[in-house]
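> One structure, pasted below without further comment.
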Amino acid sequence: MSPVAVMVMLVVGGVILVGLVYIGMRDDKGRDPLQERLAQYEDKELPQSLEDIELSLSFKDRVIVPMGRKIAELTTKFTPQKQIEDTRHKLELAGMTLEPGSFFAMRIFMTFALGLGAFVVFFVLSKSTPQTTAILFTLGGFFLGYFFPSMWLNSKIKRRQQSIVRALPDALDLLVICVEAGLGFDMAMGKVYEKWNNELSIAFGRVLREIQLGKPRREALRDMSRRMDVPDVTAFIAAIIQADQLGVSMSKILRVQSDQMRVKRRQRAQEKAHQAPVKMMIPMVFLIFPAIWIVLLGPSLVILISTPALGTVF
């Protein structure tokens, strides 16, 4: 495979990824689409027909979004219900409001985009590539496009769970302070939601909204634990529900949970510190030590080679 083909493939893949990230983040800027649509018609006359309204929409709203919805509906219709539920649960674990059908449509788009991109690179642009190699790289593009959304979703789930684990001890400390100061547990969760802006505080805010809508607090907390799938949060929720059922003092339970979470965080930090020398060994052996040897022994080797008596030996 020629370097030009590799460069073209990297450029095409980078452009596709940047385009997807831009499309996904463009609408997440705190703006209100309804207000923008109303502002467009503020100084204009009212449309006379549905055709005028349709033509006033952008190409994305008229073509791309309906096409994506149709593909999502079609994929959902032919997908087993268990797979849909598993995908919905993974999207909840990632903290995303995306529907499973939209995720399946994204997988189909990525599969064909990377597969056709690899086909264009290795069959059209790089004609000198052997046919067997081109076929293998094209199939690899299809497989990469199919599995890349799942890998991206799993990495997003892992990052969210890690952020929740890091924020839990501090949140428990704030809950302890609020409850010992005389606030109820629901009001203490409200304080956490007001003071911070992370995944855990957002989850507390959702629990409070569900309680206000009539859901029992135990069910709301269990649903929060299910949406996170973090062992520390599961243990904390189980202790809170048990204390509520048995009538135990909430401040004592929170104090015990806070102390335990502090100990667990210290143990995780010590574990990562013990793993650091092993992880540093590979870059030291393959990157740092060769550079040091070149700097230290390079001049001596040049002198030995340039010496007439020893130059014949080398």
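> For the pair Asp186 and Asp86, how long in nm is the line joining their label points, each one 7 Å along Cα→Cβ?
So the two model labels end up 3.8 nm from each other.
> Please compute the length gained on full extension between Thr234 and Gln162, using 0.36 nm multiplied by the number of residues separating them and subtracting their Cα-Cα distance.
Here the segment from Thr234 to Gln162 would lengthen by 24.5 nm.
> Next question, about the same structure. Tally Lys/Arg at +1 and Asp/Glu at -1 over every other residue whose Cβ is under 14 Å from the Cβ of Pro169; what's the total?
+3
> Based on other C-beta atoms within 10 Å, arrange Tyr146, Tyr193 from fewest to most.
Tyr146, Tyr193
> Can you compute the label reach from Leu139? Point 7 Å from Cα along the Cβ direction, backbone N cut-off under 18 Å, restricted to region 99-113.
111-112
> Please give the peptides 128-136, 237-245 ranked by average Cβ packing (other Cβ atoms within 10 Å per residue), highest first, as a rough proxy for protection.
For the peptides 128-136, 237-245, the packing ranking is 237-245, 128-136.
> Determine, for each peptide in 264-271, 281-288, the mean count of other beta carbons within 10 angstrom over its residues, then list the peptides with the highest first.
Per-residue Cβ counts within 10 Å, averaged per peptide and sorted highest first, yield 264-271, 281-288.
Any read-out appearing in this document is the output of simple, stated calculations on the displayed coordinates, not a laboratory observation. Everything quoted here is computed from the prediction, not taken from an experiment. Counting neighbours? That spans all protein chains shown, and the Cβs are built from the backbone with ideal geometry, glycine included.
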